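Have a look at the structure below before the remarks.
The values are calculated or read from the model by the stated rules, or taken from the named source; none is laboratory data. Since we're looking at a predicted model, the values are computed, not measured. Cβ atoms come from the backbone with ideal geometry, glycine included; neighbour counts cover every protein chain shown. Accessible surface is based on the protein model in full, side chains and every heavy atom, while ligands, DNA and RNA are left aside. Shrake-Rupley method; radii C 1.70, N 1.55, O 1.52, S 1.80 Å.
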Amino acid sequence: MRNLFLLLATFCMTATAALAQNVAGKVTDATNGGGLPGVSVVVEGANVGVMTDMNGAYSLKAASGDVLMFSFVGYNTMRKEVDGSALDVRLESGVALDEVVVTALGVSREKKSLGYSVQELGNDAFTDAKTENVVRSLTGKIAGVQVTSGTSLGSSSKILLRGASSITGNNQPLFVVDGVPMDNADYSGGDQQRGAGGYDYGNAIQDLNPDDIESVSVLKGPAAAALYGARASNGAIVISTKSGKGYQASGKRGLGISFNSGVAFNNVYVLPDYQNSYGGGAGTSWINQNLVDSLGDTPIPDYGYDGSWGPALDGTMVRHWDSWYDYEGDADFGQSRPWSATDSDVEDFFQTGVAITNNVSVTGATDESAFRLSYTNLDQTGVYENSSLDRNTLSFSGSQKVSEDLEASVNANYVQSQGAGRPLTGYGESVMSQFTQWGQRQLSMDRMRNYKNADGSHRTWNRNSATDPSPHYWDNPYWERYENTQNDQRDRVFGNITLKYKINDVFSIMGRALSDFYIDRREERIAIGGVRESSYSESTRQLQETNLDAYLNFTDDLSDDLNLTGFVGVNRRIRNFKRLNAYTLGGLNTPGLYTVNNGADGYEVGDVSNTKQVNSVLASASFGYKRKFYADFTGRSDWSSTLPAENNSYFYPSATASYILSEDLDMPAVSFAKVRFGWAQVGNDTDPYRTATTYAVNSNFGNSGSATVPNSQNNPNLRPEKTSSWEAGLELNLFLDKVRFDFTYYNSTTEDLIFNVPVSASSGYSSAVLNAGKTSNKGIELSLAATPVQTDNLRWDIGVNFAKNTNELLELAEGIENIRYTSLFGVTLEARPGQPLGTFYGYDFQYDDAGNKLVDDDGYYLSTETVQPLGTILPNFTGGVFTTLDYKNLSFYALVDFQDGGSLHSYSNQWGKYSGTLAETAIDANGNDIRDPNFAGVVVEGVNASTGEANAVAINPQSHFFYNQGYVIHAADQYDASFVKLREMRLDYNLPADMVDGTPFSNVSIGVFGRNLAILHKNVPHVDPEVATSASNVQGFEGGQLPAERTIGVNLKFGL
Amino acid sequence: MNKNIFLLAGLAIAVAFTGCTKDFEDINTNPNEPASVSPGFLLTSAQKRIMDEMNDSFWGSRRGMQLAQHWSSNQYSNESRYQFRTETSNGSWRDFYAAPLQDLQQIINLNTDDAEAMAGYGSNGNQIAVAQLLQAWVYQMLTDAWGPIPMTEALQGVDNTSPTFDSQEAVYNGILGLINGALASMDGGAGPQGDQVYGGDMASWTMFANSLKLRVAMRMSDVSPTAAQAAGESALDGGMIIAANESNAQFPYIDAAPNNHPVNEDYKTRNDFAASNTMVDWLSAMNDPRLGVYFNPAVATDTYVGEVYGLDEANAALTPNDAVSQRGDAVLAGNLPGIYFDAAQTHFLCAEAAERGWSGTPLDAEGHYNAAITLSMQWWGLTDADAINAYLAQADVAYTTAAGDWKQKIGSQKWAALYMQGHEAWAEVRRLDAPALNACADGHLAGDGNVPSRFEYPLDEQTLNSSGYGSGVAALGGDDALETKLWWDVN
């Protein structure tokens, strides 16, 4: 501790001493406003110069009137006269030619030399409008990246680059952090995925800390990622974290400290429109009190029914659910209150969630070494009461030159995230399910808050009857929040150790060990006294992935015009997974004691472990000719333990080429033009243990063992999967880069897809592992940006990202008619040849030739006899429109993103209509009270199937919402998932240098931001069309959706 | 020098990395699941899973017990009004075919292909026999629920993922083939290990085989009387039938999860069913002592009141649970046995065989009728002989004086005795057309309003096996509808 003070004191003295005649400022990128590190700042005519630090800040001694020259590779050099002590400049990336991006295996390459599409984002994209899951920050910012997210508090975010190729396997890109392939497992169960209940624990990539990110490169498509192997066949997201290297390179020595703090507030902003005219009950009569003596004369509602087809909320005095708890001091006991619309509705159930982030980082450098140490704490409470997420990240990176030729570096990260009180999702026990899909509309949240009697017993609105307080189908929602709790913790360590040795000017060698390790522990509790059998369960998952790499790199100018760089390397990947879970049987013995030993009938324990190893040899060669022709060749061969011995090896090559057209083009309007072409083939293996036949072991019956033939049939003849793809692109910058255009077309085919194909159960198996399909993805990606206004003080940029992907299942193995992902309430999500992966099937309306719905003689819609395709989860196109406006020290950014098409099945709509909670079940579009006994009934729009006349038969509204809706005709609750969302807005203000003069602070900036501010357009009523309950391939089932949240926050960054 | 060392090291690493795939077989050997198990484990699993599914809340309670009108819904009454959820059809189909039927097939395959290794778990012939008998039992239940089903092409895995459906007549012949094959396969050696039903006692399995054959024959008796009589008489020949409760084929559930009775498990968290008025009214009218075992009096009135069968949701929900009789304590017990075949059933079959003039019944029709009722009461713990005799002596009960023809007498009493065997009760109601069950009080939601003749095929077969599904609909000789009569259901 004393040392720290000494250090700080020394640092402050140094800083103060240097302040006297300083000129300080910040150099930023005019395009994205980000600080530019490593910019050379020189006083013209004097032998004085410095480089900007990692934030783009600099300070040097200069006199008023001196001219400073700012220069940086890839940017137009700028000269500015010193006028005072502060001087900020914005450098134009005039010559984009030399922009450097991080590509596969962390190799930095000039972007112009690449034959495939790469887009990069800087730290600001992740920290200025922070969310706890970095994947969400990619939304709308990069063409061809489709992100689907749940709500806050550590829920899932699914990301797809250029669509999905695998049917049941992983379609998400590989995440690589400082060379470490990161696990992004989801572990969600089938019910969770199809909106049928469970907790959303999110996917594991959310462990990444936004504050530590230096840059993110998105490598779309296999050509970019061939070198990462099969896992990158869906593309790769290559993340570099901050280190002390930039600081060292800028010439700084000693220590630098920076702080970044933020607070964000989350609020629920999409809730269904409910009806408020009719209360709970199966019908409009009060309960039959005459069947039970001594219940008195006051009307008794139907507490046990979880729908709202009950009596009109007309103020009749009734015994509400909470008037039957005969406990001392219970003022409601025996009281009657009016049967009227609630004064405390669903929105009152939710609170404002608060997320506070604090980050401090220390950077240091000497001539031989550099390091960065960073600590981040995220402390978040959810919109659901009693829910929280707490994440601590400690990250260290350091490098040391051991000798002139040998450098050692280490990067280590420790992340601990703790979740508690995550809300249940989906149809089933979730509170949204009991508010929308089922439930009684007259209930008051305020009154339900008192969820426990004096003796600890449960008070629920859904008591079985006046005389029977036991819960029928639903727990009190507050009981659900406070008694049935869960918590989880994941401790994760990842990082690498790297040795680089320079053999000579041509050859260097690198060896490294990369590791990702975590232990993920989950505990779930169900209290005694609720609807569900009380229980306690815990599960622990442990994952370790180790990669050992060695590369021989070479770079050589073969002639003045021809340059060659490349490497040959080897990689071994070992992945170990273990899971141990235990749960109580037969309920709990002792209330409130949550241990597995407390099971009334004992407990059950299960364990699973699996191991996989892949050995690889890989090589790459890149040629550059006259700095305008470029060609890359890569090859990789894998040997995977998961495939049968005779088929366990597969080779995959790639070749890319690019040509800088503008070098040979003499058109002043064209400042840069490039065409590129890439081709790649990527092999893929499968999960462990899919080749040999084994038995599934059940729990013992008494002392007898019990085992069964597994539901899925394994396959000893599996072959590796193969993806072939090509892409072509054009980059064009016009009018001194004021207009920037990047276009890509790609076409990719995956064959011999390995998956677990559902088969007719009469075969004795419900599925079989087969090489069973061929899929195709083709599409375009377009990004267009322009700078319409640019003056010394003002710059306005506007841009759009757009992507369209067409996906098709080309063929399936013989005898297989279709692939079933999942099904719920008769709606299935399938893949059939000729259709996109993920097509909904269910009963549809019958239509006449003119497109009118057909109605039977009783006034009901006719349903098709067989199931029909109802739409696909895949959108027609996606994208985002962004704008930035920079005026002096103010910077404004806004992002609108959109999705056109895609289909979702909404069980909130389906069951909300069935159970009479939603607005339209009481008041129709014309404002008629359709349940009024005097109202004639619902006449559905359509044509009588036998007469051809317009339907005129009125039907009872309850029957209408039963028979004419998704419960019977699935198409009725199938919706278009298009949306336009105001995704992000932020306003940042960098304090001018003269304002922070005389303080120990530098680079002070403050910003306000908002995320998910508004849904500007959608076509599905009552819910948010963006549905994600897991990161799996099963998407598009909305059930009891957690309400969408809006985030508004403030950020403060400063350095010492 | 220094640099050469690095190069050499690099080369060595490269060789070490790639040369090493010889561990792959070990690495890819599943440590979590065994490559071989005792066939006894498969038998235990199959015996339990059949009964788990038969007593499951959807297949057993919502369908079997409600179609027999033993129970009524007190909420969500769709199934009691003949609207069946497609999801539960999918699930039940899968839970029989891809689970117990396949496990039993595996026992047969192992004892055929790897006889020597399997001989230590019971003689090959006896293991095969028991597996075939349980398959026969399941196939009969499945074909009686749907009609034509896959049998000859079923259970072949990826070799045939689109099995053709066999006509119900073919299935019935196949079932008889399985039973006869099993009887022939029994070889006097040791019984199978893992047998929770009879503990490997092959004499009991012989009784089971003959009793099941009698039931199969009787189901065919209206449509194929000659073949039925031949099969029935061969079953009765020799007297090896389940004639006493001690010989019942039942699965011995234990009063602790996960080995407790499924109805007990379901009741822990839900109470969706109450006594149906059909059954309460019949038992009350007969002064039947089983009323107090099958059901409890309504809490509110302390009298036996059945919930009206086939109410719509609103009306079902308006009836407080306290106001109607709930299921009895014995019914909800965790250790209630799951019934494959009981002696009461055999005696009812024998009574009918006697009426039909089949030879070999030990007693006359009346004797078997009285024995059946007596055994049913005794099984439910009603052991007071005087009370039973008093019951049998009642004019409404006594075989000679009870109302109706022999079909109606036997049908009604058999229906009452088949409590907790909903699917068998439903099948016999369809075949004997007795007793007359109630129409749904608030109308039916699907079918023609009569007790359904069958279920519609699961949606899964339409989408995963469309050719098989087509062959099934063709073999049905009518629509894939609830009211399409099965082959044996000629009246």
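In region B:216-244, the residues that are among the acidic types (Asp, Glu) form Cβ pairs under 7 Å with partners that are surrounded by fewer than 19 Cβ atoms within 10 Å (Cβ to Cβ) and part of a loop (DSSP other than H, G, I, E, B), at six or more places apart or across chains, as follows: B:ASP222/B:VAL490; B:ASP222/B:ASN491; B:GLU233/B:SER359; B:GLU233/B:GLY360; B:ASP237/B:GLY360. The condition of being touching a residue at least 60 places away in the same chain (Cβ under 8 Å) and more than 30 Å from B:VAL263 (Cα to Cα) holds for only one of B:GLN394, B:GLN413, that being B:GLN394. Considering every residue within region B:330-344, establish whether at least one is surrounded by fewer than 19 Cβ atoms within 10 Å (Cβ to Cβ), touching a residue at least 40 places away in the same chain (Cβ under 8 Å) and part of a helix (DSSP H, G or I). Among the residues of region B:330-344, not one is surrounded by fewer than 19 Cβ atoms within 10 Å (Cβ to Cβ), touching a residue at least 40 places away in the same chain (Cβ under 8 Å) and part of a helix (DSSP H, G or I), which makes the answer no.
Okay, residues lined up against (1) under 30 Å from A:GLY281 (Cβ atoms); (2) open to solvent by 20 Å² or more (accessible area, probe 1.4 Å); (3) within 14 Å of chain A (Cβ to nearest Cβ); (4) in contact with a strand residue (DSSP E or B) (Cβ under 7 Å, 6 or more places away or on another chain):
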{"site": "B:LYS48", "(1), (2), (3), (4)": "no, yes, yes, yes"}
{"site": "B:PHE58", "(1), (2), (3), (4)": "yes, yes, yes, no"}
{"site": "B:TRP71", "(1), (2), (3), (4)": "yes, no, no, yes"}
{"site": "B:GLY91", "(1), (2), (3), (4)": "no, no, yes, no"}
{"site": "B:PHE96", "(1), (2), (3), (4)": "no, no, yes, no"}
{"site": "B:ALA129", "(1), (2), (3), (4)": "no, no, no, no"}
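Those strands (runs of 3 or more DSSP E) of region A:972-1027 in which 3 or more residues are open to solvent by 30 Å² or more (accessible area, probe 1.4 Å) occupy A:979-990, A:1002-1018. When region A:412-437 is filtered for residues that are surrounded by fewer than 23 Cβ atoms within 10 Å (Cβ to Cβ) and more than 23 Å from the chain's Cα centre (by Cα), the ones remaining, listed by number, are A:ALA412, A:GLY428, A:GLU429. Taken across region A:987-994, residues that are modelled with pLDDT of 90 or more, touching a strand residue (DSSP E or B) at 6+ places or on another chain (Cβ under 6 Å) and among the polar types (S, T, N, Q) do not occur at all. Answer yes or no as to whether A:SER165 is under 26 Å from A:ALA355 (Cβ atoms), polar (S, T, N, Q), at pLDDT below 65 and buried (at least 24 other Cβ atoms within 10 Å of the Cβ). No, not satisfied. Out of curiosity, is B:SER211 crowded, with 24+ Cβ neighbours inside 10 Å and over 22 Å from B:VAL490 (Cβ atoms)? Judged against the criteria, B:SER211 is a match.
Name the residue that is farthest from the other protein chains (Cβ to nearest Cβ), counting only residues in region A:297-319 that are open to solvent by 30 Å² or more (accessible area, probe 1.4 Å) and among the acidic types (Asp, Glu). The selected residue is A:ASP314.
Every residue, every condition in (1) at pLDDT below 95; (2) within 14 Å of another protein chain (Cβ to nearest Cβ), yes or no:
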{"site": "B:SER123", "(1), (2)": "no, no"}
{"site": "B:ALA136", "(1), (2)": "no, no"}
{"site": "B:ASP144", "(1), (2)": "no, no"}
{"site": "B:PRO148", "(1), (2)": "no, yes"}
{"site": "B:ASN160", "(1), (2)": "yes, yes"}
{"site": "B:ASN173", "(1), (2)": "no, no"}
{"site": "B:ALA184", "(1), (2)": "no, no"}
{"site": "B:PRO192", "(1), (2)": "no, yes"}
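Here is a yes/no grid of residues against (1) over 30 Å from B:ASN28 (Cβ atoms); (2) more than 10 Å from chain B (Cβ to nearest Cβ); (3) touching a strand residue (DSSP E or B) at 6+ places or on another chain (Cβ under 7 Å):
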position: A:LEU558; (1), (2), (3): yes, yes, yes
position: A:ASP561; (1), (2), (3): yes, yes, yes
position: A:VAL570; (1), (2), (3): no, no, yes
position: A:ILE574; (1), (2), (3): no, no, yes
position: A:ARG579; (1), (2), (3): no, no, yes
position: A:ASP601; (1), (2), (3): yes, no, no
position: A:GLU604; (1), (2), (3): no, no, yes
position: A:SER609; (1), (2), (3): no, no, yes
position: A:LYS612; (1), (2), (3): no, no, yes
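Note on region A:658-690: residues that are surrounded by fewer than 17 Cβ atoms within 10 Å (Cβ to Cβ) and either away from chain B (no Cβ under 14 Å) or of a type in the set (Gly, Ala, Ser) (or both) total 9. Whenever a residue of region A:586-605 is assigned to a helix (DSSP H, G or I), its partners that are acidic (Asp, Glu), lying with C-beta atoms within less than 7 angstrom and at least six residues away or across chains, give the pairs A:VAL596/A:GLU538.
Elements of the type strands (runs of 3 or more DSSP E) sitting completely within region A:732-848 and holding at least 3 residues that are in contact (Cβ under 8 Å) with a residue 12 or more places away in the chain and either under 30 Å from A:ALA894 (Cβ atoms) or not aliphatic (A, V, I, L, M) (or both): these cover A:739-751, A:754-758, A:773-790, A:794-812, A:819-824, A:839-842. Scoring A:PRO875 on the criteria (1) away from chain B (no Cβ under 14 Å); (2) of a type outside the set (A, V, I, L, M, F, W, C); (3) not in a loop (DSSP other than H, G, I, E, B) leaves a single failure, condition (3).
Residue-by-condition table, conditions (1) open to solvent by 40 Å² or more (accessible area, probe 1.4 Å); (2) within 24 Å of A:VAL531 (Cα to Cα):
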residue	(1), (2)
A:ASP326	yes, yes
A:ASP330	no, yes
A:ARG391	no, no
A:LYS401	yes, no
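Here A:ASN597 does not fit the description of being out of contact with any helix residue (DSSP H, G or I) (no Cβ under 8 Å at 6 or more places or on another chain) and more than 30 Å from B:GLU265 (Cα to Cα).
Under the condition of being of a type in the set (A, V, I, L, M), open to solvent by less than 10 Å² (accessible area, probe 1.4 Å) and either away from chain B (no Cβ under 11 Å) or within 20 Å of A:ILE754 (Cβ to Cβ) (or both), the residues counted in region A:816-842 number 4. Looking at region A:691-723 only, could you name the residues that are open to solvent by less than 30 Å² (accessible area, probe 1.4 Å), assigned to a loop (DSSP other than H, G, I, E, B), more than 7 Å from chain B (Cβ to nearest Cβ) and touching an Asp or Glu at 6+ places or on another chain (Cβ under 8 Å)? Matches in region A:691-723: A:PRO710, A:PRO720.
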